[in-house]
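One structure is given below, encoded as structure tokens.
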Amino acid sequence: QPIQMENPYKEPPKKCVLCGISVDYKNVQLLSQFVSPHTGCIYGRHITGLCNKKQKEITKAIKRAHVLGFMPVMFKDPSFLTDPKICNIKY
Amino acid sequence: KPETAAVLKRTVEALMERGAIVRNLENLGERSLPYKISKHKERHRRGGYFLIDLEGPPSIVSTMMDHLGRDIDVIRRAFIKHPVLKTEECSGIIPVNYEDKLIAKKK
């Protein structure tokens, strides 16, 4: 007789890039990785591939950094241009 | 440099006057601002960033913003809540069933 049980071959849920990393408005380098280098606009969820919570946290932190004068608004800080690519974007 | 020390001393004393407990004062370095900020009839290009760990009554927020607004040496002021460190329960991306969502919305 077949026994009812949970799928034993289930994979653990996929983790997004920032799963486990606390987002702060002060580390401008992390925040700049989710910003376009040409216009400075924040990438959407379909490009960054982050989960709900983390995307919201990142947008809030970026906006805060803009206002408080930590991160430039219209472009990406030139010293962070050679950072590794996280987002799923083709230039 | 003695000017920045004087500014910090002034602000901390004003905070203590209103009954706030200063836990920590961090210097985030002096760098060129990301954009030119014009404040108090002057255009600033370089600035020092300081972070003060505060504990106090919420009624001092408005008075302190007023006080810092009148200070010429302060370019930008802000009060931010302490971030609650709680990122150990991040369960990964749960696959969302879009069909069910659409049917539920249609009803």
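The values are calculated or read from the model by the stated rules, or taken from the named source; none is laboratory data. If you're wondering where the values come from, they're calculated on a predicted model, not measured in any experiment. Neighbour counts are summed over all protein chains in view; Cβ atoms, including those assigned to glycine, are modelled from backbone coordinates with ideal geometry. With ligands, DNA and RNA removed, areas are computed over all heavy atoms of the protein, side chains included. Shrake-Rupley method; radii C 1.70, N 1.55, O 1.52, S 1.80 Å.
Among the residues of segment A:63-84, those identified as buried (at least 16 other Cβ atoms within 10 Å of the Cβ) and over 11 Å from B:Pro34 (Cβ atoms) are A:Arg64, A:Phe80.
Regarding B:Val61, is this residue surrounded by 12 or more Cβ atoms within 10 Å (Cβ to Cβ), in a helix (DSSP H, G or I) and in contact with a Phe, Trp or Tyr (Cβ under 7 Å, 6 or more places away or on another chain)? Here the answer is yes, as B:Val61 does meet what is asked. Considering the conditions (1) charged (D, E, K, R); (2) more than 9 Å from every other protein chain (Cβ to nearest Cβ); (3) open to solvent by 40 Å² or more (accessible area, probe 1.4 Å); (4) touching a strand residue (DSSP E or B) at 6+ places or on another chain (Cβ under 8 Å), A:Lys60 is excluded by exactly one of them, (4).
May I ask you to say which residue of B:Ile72, B:Ile103, B:Ile80 is open to solvent by 80 Å² or more (accessible area, probe 1.4 Å), part of a loop (DSSP other than H, G, I, E, B), β-branched (Val, Ile, Thr) and over 19 Å from B:Glu17 (Cα atoms)?
Step by step, each of B:Ile72, B:Ile103, B:Ile80 is checked, and only B:Ile72 is open to solvent by 80 Å² or more (accessible area, probe 1.4 Å), part of a loop (DSSP other than H, G, I, E, B), β-branched (Val, Ile, Thr) and over 19 Å from B:Glu17 (Cα atoms).
B:Ile21 fails exactly one of the following numbered conditions: (1) within 25 Å of A:Gln29 (Cα to Cα); (2) exposed (fewer than 11 other Cβ atoms within 10 Å of the Cβ); (3) touching a residue at least 12 places away in the same chain (Cβ under 8 Å). What is the number of that condition? All conditions are met except number (1). For segment A:31-42, the criterion of being closer than 29 Å to B:Arg45 by Cβ, in a helix (DSSP H, G or I) and of a type outside the set (Gly, Ala, Ser) is met by at least one residue.
Just to check your reading of the model, which residue among B:Ile93, B:Ile52 is in contact with a Lys or Arg (Cβ under 7 Å, 6 or more places away or on another chain) and surrounded by 10 or more Cβ atoms within 10 Å (Cβ to Cβ)? Before you say what the answer is, go through the steps one by one.
Working: B:Ile52 fails: in contact with a Lys or Arg (Cβ under 7 Å, 6 or more places away or on another chain).
Unique residue meeting the criteria: B:Ile93.
Kindly indicate the residue of segment B:88-102 that is at the interface with chain A (Cβ under 10 Å from one of its Cβ atoms) and not charged (D, E, K, R) and also farthest from A:Leu18 (Cα to Cα) among those meeting that condition. Among those residues, the one meeting the criterion is B:Val96.
Of all residues in segment B:83-100, those that are of a type in the set (D, E, K, R) and in a loop (DSSP other than H, G, I, E, B) total 3. Candidates in segment A:1-49 are the residues that are among the β-branched types (Val, Ile, Thr) and either surrounded by 17 or more Cβ atoms within 10 Å (Cβ to Cβ) or over 21 Å from B:Val96 (Cβ atoms) (or both); of these, the one that is farthest from the other protein chains (Cβ to nearest Cβ) is A:Ile3.
Among the residues of segment A:65-74, is any under 25 Å from B:Ile93 (Cα atoms), modelled with pLDDT of 85 or more, part of a loop (DSSP other than H, G, I, E, B) and not hydrophobic (A, V, I, L, M, F, W, C)?
Checked against the condition, which is being under 25 Å from B:Ile93 (Cα atoms), modelled with pLDDT of 85 or more, part of a loop (DSSP other than H, G, I, E, B) and not hydrophobic (A, V, I, L, M, F, W, C), segment A:65-74 yields no hits at all.
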